[in-house]
Amino acid sequence: CKPLFDSEWKGVPTIICHAQEHSTSDIPDIFDVALPVEEPGEISPRQLGDYNVTSIHIPFFIKETIELMQNLMPTMNKLAFISDNRFICTLARKQIEQVCREHFPDLELMQLTYPAIGTETLLKSLSEYGQEAGVLYYSWINTSSSNNSGYYPHERIHNLIADVSQTPVFT
């Protein structure tokens, strides 16, 4: 948001809600590769600079969300996690894998990640899952500079996902 804070939003009181407790200073370097070995630094007032910004951490309650899904869908034995290739999604995938390994070892985790799969493949996969598959939508954003990858820039992907999924879609 820094470019906005230096121009259009200069001086505007702003609240940033974030799902991850950490950020990293080298996001461009790790954008499309594995996470760094060292732990990213916490979001701090220093990072927010002299901007009129308040940050609010809204946790990603992975374990609790999966428990809720299982309570509402007793036949669920698969979890389809929908995400893209942004840094925040990389962290979320790492967290969901750990939570599933520790708390839900019998749950089959299926990672549906853009651009590893395109929108058409995502929708086809979701339409083929039955009542045994829970769907957890995190994000689906095309961050590439080219737009010939099967991504529909004006689509409301969450609506399409809900239309083709045979089970409720959780977010």
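Below is a table of values for the structure above.
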read-out: Candidates L112, L122, L91 - the one that is touching a His at 6+ places or on another chain (Cβ under 8 Å) and either surrounded by 19 or more Cβ atoms within 10 Å (Cβ to Cβ) or modelled with pLDDT of 90 or more (or both); value: L91
read-out: Cβ pairs under 9 Å, 6+ apart, first in the stretch 44-65 and closer than 19 Å to K2 by Cβ, second among the acidic types (D, E) and at pLDDT 80 or above; value: Y51/D6
read-out: Any hit, the stretch 98-113, residues being more than 30 Å from L4 (Cα to Cα), of a type in the set (S, T, N, Q) and in a loop (DSSP other than H, G, I, E, B); value: no
read-out: Conditions (1) in contact with a Ser or Thr (Cβ under 6 Å, 6 or more places away or on another chain); (2) buried (at least 17 other Cβ atoms within 10 Å of the Cβ); (3) not acidic (D, E): number failed by Y129; value: (1)
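Let's see how each residue does on (1) among the charged types (D, E, K, R); (2) loosely packed, with under 12 Cβ neighbours inside 10 Å; (3) at pLDDT below 70; (4) closer than 28 Å to F170 by Cα:
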{"residue": "E38", "(1), (2), (3), (4)": "yes, yes, yes, no"}
{"residue": "I62", "(1), (2), (3), (4)": "no, no, no, yes"}
{"residue": "E67", "(1), (2), (3), (4)": "yes, no, no, yes"}
{"residue": "L72", "(1), (2), (3), (4)": "no, no, no, yes"}
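The values are calculated or read from the model by the stated rules, or taken from the named source; none is laboratory data. Just so we're clear, the structure is a prediction, and the values are computed from it rather than from any experiment. Neighbour counts run over all protein chains shown; Cβ positions are idealised from the backbone, glycine included.
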